[in-house]
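Student: Following this message is one structure expressed as structure tokens.
Only the coordinates and a few stated rules stand behind these numbers; no lab work does. Not measured: the values here are computed from a predicted model. Cβ sites come from the backbone with ideal geometry, for glycine too, and all protein chains shown count toward neighbours.
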Amino acid sequence: MCTKEESSFNEVHWVGHLNPDSDSIMCVIGAAFLYGGIPTRTGPMNKESEFILEHFGVKPPLLVKDYQDKRVALVDFNQRTQLQSTINMEQIAALIDHQWKTGTKKHRFR
């Protein structure tokens, strides 16, 4: 197992879906903590997410409007319709999604 310093994810921007809810926000934070990288979000946080982060003293993910030329890892979604418009398929380094349904084409990017 590699250390956090050796991880190939140190420069990855972890990103959730277009309308970040609490599980999307917490997933990018958790993934960045576990694997390295930068927790980001594509839009404003909802009140629930703000409350959770404030309650536990955790900084919110960085708001990013343009992911062009960034290596990204996706969490909490697998539909192209939820992919931020400046992310190309070639930029995606990883995908973590609890909603994945194996064997169904409608949930696959390709």
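Student: Counting Lys +1, Arg +1, Asp -1, Glu -1, what net charge surrounds Pro60 among other residues with beta carbon under 11 Å of its beta carbon? Walk me through the numbers before you get to the answer.
Tutor: Working: positive: Arg41, Lys59; negative: Glu50, Glu54.
So the surrounding residues net to 0.
Student: Next question, about the same structure. For the range 7-99, what is the Kirkwood estimate of the hydrodynamic radius, computed as the reciprocal of the mean inverse distance between distinct Cα atoms, to one decimal in Å? Intermediate values should be presented prior to the final figure.
Tutor: On the way: mean 1/r = 0.0771 Å⁻¹.
About 13.0 Å, per the Kirkwood formula over Cα pairs.
Student: Please turn the phi angles of the range 23-36 into ³J(HN,Hα) values with the Karplus equation 6.51 cos²θ - 1.76 cosθ + 1.60 (θ = phi - 60°), one per residue in order, whole Hz, x for glycine and proline.
Tutor: Each residue of the range 23-36 in turn: 5, 5, 5, 5, 5, 5, 5, x, 5, 5, 5, 6, 10, x Hz.
Student: Give me Met89, Met45 ranked fewest to most by other Cβ atoms within 10 Å of their Cβ, as a rough exposure proxy. Mind showing how you got there, number by number?
Tutor: Numbers: Met89 9, Met45 19.
Going from sparsest to densest Cβ surroundings: Met89, Met45.
Student: A further question on this structure: Could you give each residue of the range 45-57 its phi-based ³J(HN,Hα) in whole Hz, using Karplus coefficients 6.51, -1.76, 1.60 with θ = phi - 60°, and x for Gly or Pro?
Tutor: 7, 7, 4, 4, 4, 4, 4, 4, 5, 5, 4, 9, x
Student: Rank the residues Arg71, Arg41, Arg80 as a footprinting-exposure proxy: fewest other Cβ atoms within 10 Å of their Cβ go first.
Tutor: Values: Arg71 17, Arg41 24, Arg80 11.
Fewest-to-most Cβ neighbours within 10 Å comes out as Arg80, Arg71, Arg41.
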